[in-house]
Amino acid sequence: KNQVEQSPQSLIILEGKNCTLQCNYTVSPFSNLRWYKQDTGRGPVSLTIMTFSENTKSNGRYTATLDADTKQSSLHITASQLSDSASYICVVSARGAAGNKLTFGGGTRVLVKP
Amino acid sequence: KAGVTQTPRYLIKTRGQQVTLSCSPISGHRSVSWYQQTPGQGLQFLFEYFSETQRNKGNFPGRFSGRQFSNSRSEMNVSTLELGDSALYLCASSLWVSSGREETQYFGPGTRLLVL
(Lines give C-alpha, C1' and ligand atoms only; values in the text may rest on other atoms or scores of the structure.)
Protein backbone atom coordinates (compact mmCIF):
# COMPACT_ATOMS: atom_id res chain seq x y z
CA LYS A 1 0.00 0.00 0.00
CA ASN A 2 1.30 3.42 -0.96
CA GLN A 3 1.97 5.57 2.09
CA VAL A 4 3.53 8.93 2.88
CA GLU A 5 4.59 9.69 6.44
CA GLN A 6 5.60 13.16 7.57
CA SER A 7 7.39 14.23 10.70
CA PRO A 8 7.12 16.01 12.97
CA GLN A 9 3.36 16.49 13.12
CA SER A 10 3.86 20.00 14.40
CA LEU A 11 6.72 22.35 15.02
CA ILE A 12 7.21 25.69 16.79
CA ILE A 13 10.21 27.78 15.82
CA LEU A 14 11.39 31.30 16.50
CA GLU A 15 11.41 33.85 13.71
CA GLY A 16 14.73 33.88 11.90
CA LYS A 17 15.60 30.27 12.75
CA ASN A 18 15.88 27.39 10.29
CA CYS A 19 13.90 24.16 10.36
CA THR A 20 13.68 20.89 8.46
CA LEU A 21 10.60 18.81 7.78
CA GLN A 22 10.78 15.14 6.87
CA CYS A 23 8.82 12.98 4.45
CA ASN A 24 9.22 9.20 4.09
CA TYR A 25 7.30 7.32 1.45
CA THR A 26 6.58 3.82 0.25
CA VAL A 27 5.11 4.68 -3.13
CA SER A 28 5.89 2.81 -6.30
CA PRO A 29 6.43 3.08 -9.10
CA PHE A 30 7.65 6.55 -8.21
CA SER A 31 6.93 9.43 -10.54
CA ASN A 32 7.56 12.62 -8.60
CA LEU A 33 7.42 14.20 -5.15
CA ARG A 34 5.89 17.57 -4.35
CA TRP A 35 5.84 19.85 -1.36
CA TYR A 36 2.87 22.13 -0.80
CA LYS A 37 2.30 24.95 1.67
CA GLN A 38 -1.23 25.40 2.96
CA ASP A 39 -2.22 28.47 4.93
CA THR A 40 -5.19 28.11 7.26
CA GLY A 41 -8.45 28.32 5.36
CA ARG A 42 -6.78 28.30 1.94
CA GLY A 43 -5.95 25.75 -0.71
CA PRO A 44 -2.41 24.30 -0.93
CA VAL A 45 0.20 26.14 -2.96
CA SER A 46 2.96 24.24 -4.75
CA LEU A 47 6.49 24.87 -3.48
CA THR A 48 8.55 22.29 -5.38
CA ILE A 49 8.15 19.26 -7.58
CA MET A 50 11.01 16.79 -8.02
CA THR A 51 11.44 13.81 -10.29
CA PHE A 52 13.57 10.73 -9.69
CA SER A 53 16.74 12.30 -11.07
CA GLU A 54 16.56 15.50 -9.01
CA ASN A 55 18.29 15.61 -5.62
CA THR A 56 17.49 19.14 -4.60
CA LYS A 57 15.27 22.01 -5.65
CA SER A 58 14.90 25.47 -4.18
CA ASN A 59 12.11 28.00 -4.16
CA GLY A 60 13.29 31.11 -2.34
CA ARG A 61 13.92 30.22 1.29
CA TYR A 62 12.50 26.73 0.76
CA THR A 63 14.85 23.93 -0.28
CA ALA A 64 13.62 20.40 -0.88
CA THR A 65 15.86 17.35 -1.12
CA LEU A 66 15.08 13.90 -2.42
CA ASP A 67 16.85 10.61 -1.80
CA ALA A 68 15.12 8.13 -4.08
CA ASP A 69 17.20 5.24 -2.74
CA THR A 70 16.05 5.64 0.84
CA LYS A 71 12.68 7.07 -0.25
CA GLN A 72 13.08 10.15 1.88
CA SER A 73 12.60 13.83 1.26
CA SER A 74 13.12 16.89 3.38
CA LEU A 75 11.98 20.48 3.20
CA HIS A 76 14.31 23.03 4.73
CA ILE A 77 13.07 26.49 5.62
CA THR A 78 15.81 29.08 5.99
CA ALA A 79 15.53 32.21 8.13
CA SER A 80 11.89 31.58 8.94
CA GLN A 81 9.36 34.38 8.79
CA LEU A 82 5.98 34.74 10.48
CA SER A 83 4.34 34.13 7.09
CA ASP A 84 5.88 30.65 7.03
CA SER A 85 3.32 29.59 9.64
CA ALA A 86 1.29 27.02 7.73
CA SER A 87 0.88 23.31 7.09
CA TYR A 88 3.41 21.71 4.77
CA ILE A 89 2.22 18.70 2.84
CA CYS A 90 4.36 16.12 1.07
CA VAL A 91 2.71 14.45 -1.91
CA VAL A 92 4.13 11.52 -3.86
CA SER A 93 2.92 10.59 -7.32
CA ALA A 94 2.92 6.98 -8.50
CA ARG A 95 2.73 5.95 -12.13
CA GLY A 96 -0.39 4.07 -13.07
CA ALA A 97 -1.82 2.56 -16.22
CA ALA A 98 -4.74 4.95 -16.07
CA GLY A 99 -2.63 7.92 -15.04
CA ASN A 100 -0.61 8.92 -12.02
CA LYS A 101 -2.06 8.60 -8.54
CA LEU A 102 -1.20 10.97 -5.71
CA THR A 103 -0.64 9.91 -2.11
CA PHE A 104 -0.71 12.70 0.46
CA GLY A 105 1.16 12.90 3.73
CA GLY A 106 -0.63 14.09 6.84
CA GLY A 107 1.28 17.35 6.84
CA THR A 108 3.49 19.17 9.31
CA ARG A 109 2.00 22.20 11.00
CA VAL A 110 4.63 24.91 11.47
CA LEU A 111 4.17 27.86 13.80
CA VAL A 112 6.71 30.65 13.64
CA LYS A 113 6.78 32.84 16.75
CA PRO A 114 8.28 36.33 16.94
CA LYS B 1 -4.46 35.18 -15.12
CA ALA B 2 -7.24 34.34 -12.67
CA GLY B 3 -6.69 31.41 -10.33
CA VAL B 4 -8.87 28.41 -9.65
CA THR B 5 -12.25 29.47 -8.34
CA GLN B 6 -14.69 27.40 -6.36
CA THR B 7 -18.29 28.08 -5.44
CA PRO B 8 -19.80 28.24 -2.99
CA ARG B 9 -17.11 28.90 -0.40
CA TYR B 10 -19.23 27.74 2.51
CA LEU B 11 -22.23 25.45 2.67
CA ILE B 12 -24.40 23.98 5.41
CA LYS B 13 -26.57 20.96 4.65
CA THR B 14 -28.44 18.34 6.63
CA ARG B 15 -28.05 14.58 6.51
CA GLY B 16 -29.72 12.96 3.53
CA GLN B 17 -29.54 16.03 1.33
CA GLN B 18 -27.42 16.27 -1.77
CA VAL B 19 -24.95 18.97 -2.74
CA THR B 20 -23.24 20.19 -5.91
CA LEU B 21 -19.94 22.05 -5.81
CA SER B 22 -18.46 23.95 -8.71
CA CYS B 23 -14.89 24.54 -9.86
CA SER B 24 -13.57 26.80 -12.61
CA PRO B 25 -9.96 25.96 -13.54
CA ILE B 26 -7.27 28.36 -14.62
CA SER B 27 -7.81 29.41 -18.22
CA GLY B 28 -6.13 26.89 -20.52
CA HIS B 29 -5.95 24.14 -17.92
CA ARG B 30 -7.75 21.00 -19.03
CA SER B 31 -7.21 18.72 -16.05
CA VAL B 32 -9.30 19.14 -12.91
CA SER B 33 -8.95 17.09 -9.75
CA TRP B 34 -11.07 17.03 -6.61
CA TYR B 35 -9.91 16.34 -3.07
CA GLN B 36 -11.50 16.01 0.34
CA GLN B 37 -9.63 17.37 3.34
CA THR B 38 -10.55 16.56 6.93
CA PRO B 39 -8.54 17.03 10.15
CA GLY B 40 -8.47 13.29 10.75
CA GLN B 41 -7.75 11.96 7.24
CA GLY B 42 -5.84 14.81 5.70
CA LEU B 43 -6.09 15.30 1.94
CA GLN B 44 -7.70 12.46 0.02
CA PHE B 45 -8.09 12.18 -3.74
CA LEU B 46 -11.63 11.95 -5.09
CA PHE B 47 -11.32 11.99 -8.88
CA GLU B 48 -9.64 13.63 -11.83
CA TYR B 49 -11.20 14.79 -15.08
CA PHE B 50 -9.63 15.60 -18.40
CA SER B 51 -11.51 16.52 -21.56
CA GLU B 52 -14.86 15.69 -19.95
CA THR B 53 -13.68 12.17 -19.07
CA GLN B 54 -12.92 10.80 -15.63
CA ARG B 55 -9.28 9.75 -15.81
CA ASN B 56 -8.67 8.68 -12.22
CA LYS B 57 -10.79 7.82 -9.23
CA GLY B 58 -10.04 7.53 -5.54
CA ASN B 59 -11.57 5.20 -2.99
CA PHE B 60 -14.80 6.97 -2.25
CA PRO B 61 -18.33 5.54 -2.36
CA GLY B 62 -20.60 6.03 -5.35
CA ARG B 63 -22.39 8.85 -3.53
CA PHE B 64 -19.51 11.02 -4.72
CA SER B 65 -19.64 11.80 -8.40
CA GLY B 66 -18.37 14.45 -10.73
CA ARG B 67 -18.34 15.70 -14.25
CA GLN B 68 -16.45 18.09 -16.47
CA PHE B 69 -17.88 20.35 -19.11
CA SER B 70 -16.48 21.26 -22.52
CA ASN B 71 -15.09 24.53 -21.11
CA SER B 72 -13.15 22.46 -18.49
CA ARG B 73 -15.33 23.67 -15.62
CA SER B 74 -16.13 20.85 -13.26
CA GLU B 75 -18.78 19.96 -10.72
CA MET B 76 -18.84 17.37 -8.01
CA ASN B 77 -21.97 16.01 -6.44
CA VAL B 78 -22.48 14.26 -3.13
CA SER B 79 -25.80 12.53 -2.63
CA THR B 80 -27.38 11.33 0.61
CA LEU B 81 -25.04 13.40 2.75
CA GLU B 82 -23.64 11.91 5.94
CA LEU B 83 -22.15 13.69 8.95
CA GLY B 84 -18.73 12.36 7.97
CA ASP B 85 -18.90 14.23 4.67
CA SER B 86 -18.22 17.48 6.53
CA ALA B 87 -14.91 18.62 5.09
CA LEU B 88 -13.05 21.10 2.95
CA TYR B 89 -13.46 20.12 -0.70
CA LEU B 90 -10.58 21.30 -2.85
CA CYS B 91 -10.37 21.52 -6.59
CA ALA B 92 -7.06 21.69 -8.43
CA SER B 93 -6.33 22.34 -12.07
CA SER B 94 -3.26 21.68 -14.18
CA LEU B 95 -2.10 21.84 -17.75
CA TRP B 96 -1.99 18.60 -19.59
CA VAL B 97 0.93 17.98 -21.92
CA SER B 98 1.02 15.26 -24.58
CA SER B 99 4.42 14.00 -23.35
CA GLY B 100 2.70 12.80 -20.19
CA ARG B 101 4.96 14.92 -17.99
CA GLU B 102 3.08 15.99 -14.91
CA GLU B 103 2.43 19.64 -14.43
CA THR B 104 2.03 21.58 -11.20
CA GLN B 105 -1.43 21.53 -9.72
CA TYR B 106 -2.96 24.83 -8.69
CA PHE B 107 -5.53 24.59 -5.94
CA GLY B 108 -8.62 26.67 -5.40
CA PRO B 109 -9.60 28.06 -2.00
CA GLY B 110 -11.98 25.17 -1.37
CA THR B 111 -15.60 24.78 -0.37
CA ARG B 112 -16.17 24.15 3.31
CA LEU B 113 -19.14 21.83 3.73
CA LEU B 114 -20.81 21.28 7.08
CA VAL B 115 -23.36 18.48 7.36
CA LEU B 116 -25.70 18.71 10.34
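The values are calculated or read from the model by the stated rules, or taken from the named source; none is laboratory data. Small disclaimer: the values here were computed from a predicted structure and weren't measured. Because the Cβ atoms are built from the backbone with ideal geometry, glycine has one as well, and the counts that use them run over all protein chains shown. Remember, those area values only see protein heavy atoms, side chains included, never the ligands or the DNA or RNA. Shrake-Rupley method; radii C 1.70, N 1.55, O 1.52, S 1.80 Å.
A Förster distance of 30 Å, applied to the separation of the beta-carbon atoms of A:N59 and B:I12, puts the FRET efficiency at 0.20.
Which whole-number percent gives the relative contact order of the range A:31-114, counting Cα pairs below 8 Å spaced six or more residues apart? Computed value for the range A:31-114: 28 percent relative contact order.
Considering only A:Q38, B:T14, A:A79, and ranking their Cα positions along the charge dipole of the protein assembly as shown that arises from unit charges at the beta-carbon of Lys, Arg, Asp and Glu, the one farthest toward the positive end is B:T14.
Take every DSSP beta bridge with both residues inside chain B and express the antiparallel ones as a percent of the total, to the nearest 5. Walk me through the intermediate numbers first.
Values: 37 of 41 bridges.
Approximately 90 percent, going by the DSSP bridge assignments.
In plain terms, the bigger the Kirkwood radius, the slower the diffusion; for the protein assembly as shown, with that radius from Cα pairs, at 37 °C and 0.692 mPa s, Stokes-Einstein puts D at 180 µm²/s. List the aspartates and glutamates whose alpha-carbon lies under 12 Å from that of B:K57, not counting same-chain residues fewer than 8 positions away? Straight-distance partners of B:K57: B:E48.
More than 17 Å apart: what percent of Cα pairs in chain A qualify? Write down the numbers at each step before the final one.
Values: 3287 of 6441 pairs.
More than 17 Å apart: 51 percent of the Cα pairs in chain A.
Within the listed set A:T78, A:T51, A:T40, the Gaussian network model of chain A (springs between alpha-carbon atoms below 10 Å) gives the highest mean-square fluctuation for A:T40. From the alpha carbon centroid of the range B:1-52 to that of the range A:58-113 is 22 Å.
At 0.36 nm per residue, and after removing the present C-alpha to C-alpha distance, how many nm does the segment from A:D69 to A:V45 gain when stretched out fully? Let's see the in-between values first.
Details: separation 24, 0.36 × 24 = 8.64 nm, distance 2.69 nm.
My answer for the length gained is 5.9 nm.
Taking 19 Å as the straight-line reach from the Cα of A:K37, the lysines in range (excluding those fewer than 8 positions away in the same chain) are A:K17, A:K57, A:K113. Evaluated at q = 0.18, 0.19, 0.21, 0.24 Å⁻¹, the base-10 log of the normalised Debye intensity for the range B:1-87, with identical point scatterers placed on the Cα atoms, takes the values -0.81, -0.90, -1.08, -1.32.
When A and B come together, around 1400 square angstrom of accessible surface is lost from both chains combined, probe 1.4 Å. Sparse packing (at most 13 other Cβ atoms within 10 Å of the Cβ) combined with a DSSP loop state is found for the following trypsin sites (Lys or Arg not before Pro) in the range A:55-104: A:R61.
Across the accessible surface of chain B, with the other protein chains kept in place and a 1.4 Å probe, carbon and sulfur atoms take up 49 percent.
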